[in-house]
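What follows is a single structure, written as structure tokens, with notes after it.
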Amino acid sequence: MKKLLFFLAGICLVIGVSAQNGEKKKPASPPASVSKTVKSGVTVSINYSQPSVKGRTIGKDVEPTDGKVWRAGANKTTLFELSKDATINGKPLPAGKYGLHVLTGNGDWTFIFSKKWDQWGTEYNEADDALRVTVKSKKPEKFAEALTYTIGDNGQVSLLWGDHEAGFTVK
């Protein structure tokens, strides 16, 4: 009788562990990507992780607006890639891979293209900057719960998150 009880207990344990292992937990900030060949012939690709607002206030509860650089996504550094030499808001940027960071404050957003792209997102050193462009942010037409990048045919790259939108043009 003891053997039968141990056998049944073992089966229940295996079934319980299998059921737990079968449940895949959705990551808090899932991976996302967007890529497009724009009118100028440059292919622009962005690979990032998508944090969600989750009722928090951007600039207060998440992501700084006090002169601190943030990773423009979550987890690893947001990867920004150009297939060939291009300009970002009229400033030259050679083809290649870059870490994309953002510096915000007073309605201005500075997009920072770093030569260091394969690292954890909170790692940043100004000495590795390849280019910086500063733009004005605006309120988007629609609230974006998850951080989202879009690329228009005309090369307009936009970062939308919560009630914030900012971007730049690739030519």
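Antiparallel DSSP bridges in segment 27-169: what percent, to the nearest 5?
95 percent
For segment 27-169, what does the alpha-carbon gyration tensor say about shape, rounded, prolate or oblate, given a ≥ b ≥ c as the root eigenvalues, a/c under 1.5 as rounded, and a/b over b/c as prolate?
On the way: a/c = 1.44, a/b = 1.31, b/c = 1.11.
Rounded, since a/c falls under 1.5.
Applying a 10 Å radius around every beta-carbon, put 161-169, 83-91 in order of their mean neighbour count, most first. Could you put the intermediate results ahead of the total?
Working: 161-169: 20.1, 83-91: 14.8.
Highest-to-lowest ranking by the protection proxy: 161-169, 83-91.
Too long at a 21 Å Cα-Cα cut-off: which of Lys26/Lys116; Lys26/Lys76; Lys26/Lys68; Lys76/Lys97? Can you show the working numbers first?
Numbers: Lys26/Lys116 28 Å; Lys26/Lys76 17 Å; Lys26/Lys68 29 Å; Lys76/Lys97 14 Å.
Table pairs above 21 Å Cα-Cα are Lys26/Lys116; Lys26/Lys68.
Since every read-out is calculated from the coordinates, none of them should be taken as a lab result. Because the structure is a prediction, the values reported are computed rather than measured. Don't worry about glycine lacking a Cβ; one is built from the backbone with ideal geometry, like all the others, and counts go over all protein chains shown.
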